[in-house]
Amino acid sequence: MIIKRYTILLGMLCIFSFKAFSQIAISHPVERMIFQRNNSNQAQINIAGTYYSAIDRIDARVVAQQGGTTTAWTTIQTNPSNGYFYGTLAAAGGWYSLEVRAYKNNVLVDTKTLQKVGVGEVFAIAGQSNAQGGAGVSTPATDDRVNSINYSDNLTDYNRLPIGFSKMLGDSGKIGPFHYVPWAWGKLGDLLASRLGVPILFYGAGHGGTSSENWSKSAQGLPYNGESWKRQDLGAPYRALENSVAYYGSLTGLRGVLWHQGESDPETFFVPYYENIRNVIYKTRENTEHNSLAWVVARASRNPNPHEGPIIGQNTLISGFNSSYPAVSDVFAGPNTDNINGPTNRTDGIHFDTYAGQIEFANAWDASLDSTFFSNSTPMMASPLLAVSLTCNSNTPSTPISLNVASGYSKYAWSSRQNTVSESIGFNYSGCCQYTNIPPAGYENLNWRTLDSVATINVSAARIAANVRKTSKKVLFSPVIDLTSFALATNPTFTTSATQVRPNENLTLTGANCNGSYVWSTGANVNPLTFAPAATAAYTVQCKTLHCISSASSPQSIIVSSCFPNSLSLNGSVNAAESAYASKQSIQSNQIIQLSGKIDYNAKTKVELLPGFEAKSGAVFKAFILGCD
């Protein structure tokens, strides 16, 4: 009984070990990523990942979890190469799980599932403190479909921006890349998700205390008169919005920008306000290469009293002001939040720092984002992933991998590792104090080596990704490719069972010194290879690992002819009619010719039947003293 129990346990361990070995991994999308839908309620979901064994087909589908429609299994790529698979899948608005299957020769080899992926609405929030929020009161989302980047960095450091998404949490949550609290946006997310029936994603780029001039000049890369804490040396306040629309927006797509600002412009005349924000609008459209990127502009000026200049400026952006100041295209009316007033809504007369005020704020925004807005705005869709080609550097084993992306971009960045904790820390401030945070577990926290500003790199085995920046500052991302198990192919050798065979006689080629699979010049990939050559030919073998193939071995010629130049010594059994043996010298045989056997011997000098030779009754053999040419 003890032996049986150990046998069962060993069998179970083998099963578990087999199932634990992954053949594929999904690297894109990441959990809770939401893709912007078009106005027909559709989006193309970019799907990519790594394969760890040979596969020839990738299928995918989404399974509806809340809203949406489960899709059929769809082949997104055949014969993937370069170390990764990539394809797209069309899906309607909804909250899904994503399933990906890998096949080899129509046999299922692995399935992977991403638990939550969305097709819905994506917004970038921008403006000043009533957009960014502050410490104290925040209204978290209760709907699981409301998401943000749970990370904030007021330095807006390009190399610190993680790729990951979380349910929008309470006061401890953030709306990356800049907001360190959820403020009232969680409530707005709940309202939108409930009304629209799709998941919602927010990017946070509001910056407290900033004026329209700060935004305009920073968007143009110009200096402005402002406090040092605004870090205009790092491109603030515009840099966070640039990162939201051109960096993250490239990955997910974007419906538009929600703009709430004006409290810092009490003395600004409407014309400069209009021109300042128009500059910012145009810059976001340049950065996204989306000339119709929607902006929803709130009427906001209370500080603590309302001010006419910014309000008229905001209305001019939306509707124009006579022929001299036309409306900016694709700018929509947001809420008039100056009408939300009183100590129950704003304890200081400026900020929506009460739960009641935040609910009113969210309701007003929800009313503005109505069916007219969604029908008439043109969303920016997610960009396709950047293609990467892989070649093997057999001559440089210390950097055996060569990776290349297309040329012609403004900047290139490569990542071969995650950021360290110190490299990951994001900083933000509230009142007296500085707070730090790091990306949550599971976020892609890639270290972008911006000094590798080249289209091709040579590297050692690692988990590698690339991104490129266009002259517009829009960023395109490659899939993350896991090459940690990368292996160059060794140079194989092989031996032959003979250097000459008769027509229809089998030859065996036996390879050695290959750390992968053997690829014979015949096209076969078994080892040893046994076959009957049709004619005299030379053969070679190569060694193939998952990503590389070696040079061909030295060729070996095999002659196909019944005429042998030397004497022959034959043994074994003749079981059927075979090609004749012919020698330019002599033949000796102790073969056994079976009942159905038939053979001819032809030699120049002699044919000698040695002891042990036997011809069964009915067998046929002939001997000739003729020789051959």
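Observations on the model:
- Of note, Ser172 satisfies the criterion of being without any contact (Cβ under 8 Å) to a residue 12 or more places away in the chain, part of a loop (DSSP other than H, G, I, E, B) and more than 28 Å from the chain's Cα centre (by Cα).
- Condition check for Thr69: in contact with a Ser or Thr (Cβ under 7 Å, 6 or more places away or on another chain), within 22 Å of Leu201 (Cα to Cα), in contact (Cβ under 8 Å) with a residue 12 or more places away in the chain and open to solvent by 60 Å² or more (accessible area, probe 1.4 Å): no
- Considering Phe361, Phe352, the condition of being on the phi < 0 side of the Ramachandran plot, surrounded by 18 or more Cβ atoms within 10 Å (Cβ to Cβ) and assigned to a loop (DSSP other than H, G, I, E, B) is satisfied by Phe352 alone.
- Cross-chain or 6+ apart pairs with Cβ under 6 Å, the stretch 308-322 first and more than 17 Å from Ile281 (Cβ to Cβ), then basic (Lys, Arg): Ile311/Arg299
- The residue pairs whose first member lies in the stretch 499-527 and is within 30 Å of Cys628 (Cα to Cα), whose second member is acidic (Asp, Glu) and open to solvent by 40 Å² or more (accessible area, probe 1.4 Å), and whose beta carbons are closer than 8 Å, counting only pairs six or more residues apart or on different chains, are Arg502/Glu578; Asn504/Glu578; Glu505/Glu578.
- Scan of the stretch 463-489 for residues that are in contact with a strand residue (DSSP E or B) (Cβ under 8 Å, 6 or more places away or on another chain) and surrounded by fewer than 16 Cβ atoms within 10 Å (Cβ to Cβ), ordered by number: Thr484
- Within the stretch 102-126, if we keep just the residues that are in contact with an Asp or Glu (Cβ under 9 Å, 6 or more places away or on another chain) and surrounded by 19 or more Cβ atoms within 10 Å (Cβ to Cβ), the residue that is farthest from Asn38 (Cα to Cα) turns out to be Ala102.
- For Gly262, the criteria (1) touching a helix residue (DSSP H, G or I) at 6+ places or on another chain (Cβ under 6 Å); (2) among the small types (Gly, Ala, Ser); (3) open to solvent by 10 Å² or more (accessible area, probe 1.4 Å) hold in every case but one, which is (3).
- Condition met for Ala219 (at pLDDT 95 or above, of a type in the set (Gly, Ala, Ser) and under 31 Å from the mean Cα position of the chain (by Cα)): yes
- Which numbered condition Pro503 fails, given (1) open to solvent by less than 40 Å² (accessible area, probe 1.4 Å); (2) closer than 30 Å to Ser579 by Cα; (3) part of a loop (DSSP other than H, G, I, E, B): (1)
- Checking Gly189 against (1) touching a residue at least 24 places away in the same chain (Cβ under 8 Å); (2) farther than 15 Å from Leu369 by Cβ; (3) among the small types (Gly, Ala, Ser), the condition it does not meet: (2)
- Applying the condition of being touching a residue at least 60 places away in the same chain (Cβ under 8 Å) and in a strand (DSSP E or B) to the stretch 544-590 and asking which residue is least open to solvent (accessible area, probe 1.4 Å) yields Ile558.
- Scan of the stretch 370-429 for residues that are part of a strand (DSSP E or B) and farther than 30 Å from Val257 by Cα, ordered by number: Ser389, Leu390, Thr391, Cys392, Ile401, Ser402, Leu403, Asn404, Gln418
- Here Ile318 meets the list (1) in a helix (DSSP H, G or I); (2) surrounded by 22 or more Cβ atoms within 10 Å (Cβ to Cβ) almost entirely, failing just condition (2).
- From the options Val331, Val280, residue that is of a type in the set (A, V, I, L, M), touching a residue at least 24 places away in the same chain (Cβ under 8 Å), open to solvent by 10 Å² or more (accessible area, probe 1.4 Å) and touching a Leu at 6+ places or on another chain (Cβ under 8 Å): Val331
- Checking every residue in the stretch 206-215 against the condition of being touching a residue at least 60 places away in the same chain (Cβ under 8 Å), buried (at least 22 other Cβ atoms within 10 Å of the Cβ), part of a helix (DSSP H, G or I) and in contact with a helix residue (DSSP H, G or I) (Cβ under 9 Å, 6 or more places away or on another chain) gives at least one match.
- Every residue from the stretch 134-190 that is open to solvent by 30 Å² or more (accessible area, probe 1.4 Å) and on the phi > 0 side of the Ramachandran plot: Gly136
- Residue in the stretch 389-402 that is under 30 Å from Glu286 (Cβ atoms), open to solvent by less than 40 Å² (accessible area, probe 1.4 Å), among the β-branched types (Val, Ile, Thr) and at pLDDT 95 or above present: no
- Residue check for Leu609: over 21 Å from Gln500 (Cβ atoms), crowded, with 16+ Cβ neighbours inside 10 Å, of a type outside the set (D, E, K, R) and out of contact with any His (no Cβ under 8 Å at 6 or more places or on another chain): yes
- Flag for Asn243 being polar (S, T, N, Q) and surrounded by fewer than 22 Cβ atoms within 10 Å (Cβ to Cβ): no
- Residues of the stretch 115-165 classified as in a strand (DSSP E or B) and over 20 Å from Arg302 (Cα atoms), total: 14
- If the condition is being surrounded by fewer than 19 Cβ atoms within 10 Å (Cβ to Cβ), of a type in the set (A, V, I, L, M, F, W, C) and under 14 Å from Ala294 (Cβ atoms), then the stretch 364-373 contributes only Phe373.
- Within the stretch 527-537, the set of residues being open to solvent by less than 60 Å² (accessible area, probe 1.4 Å) and assigned to a strand (DSSP E or B) comprises Leu529, Phe531, Ala537.
- Subset tally (residues that are under 26 Å from Leu192 (Cβ atoms) and either β-branched (Val, Ile, Thr) or crowded, with 18+ Cβ neighbours inside 10 Å (or both)) for the stretch 48-64: 2
- Cβ pairs under 9 Å, 6+ apart, first in the stretch 97-108 and at positive phi, second open to solvent by 30 Å² or more (accessible area, probe 1.4 Å) and assigned to a strand (DSSP E or B): Asn106/Arg57
- The lone exception for Asn130 - which of (1) polar (S, T, N, Q); (2) farther than 26 Å from Gly262 by Cβ; (3) in contact with an Asp or Glu (Cβ under 8 Å, 6 or more places away or on another chain); (4) crowded, with 24+ Cβ neighbours inside 10 Å it fails: (2)
The values are calculated or read from the model by the stated rules, or taken from the named source; none is laboratory data. Because the structure is a prediction, the values reported are computed rather than measured. As a convention, Cβ positions derive from the backbone with ideal geometry for all residues, glycine included, and neighbour counts pool all protein chains shown. Only protein heavy atoms, including side chains, enter the accessible area calculation; ligands, DNA and RNA are left aside. Shrake-Rupley method; radii C 1.70, N 1.55, O 1.52, S 1.80 Å.
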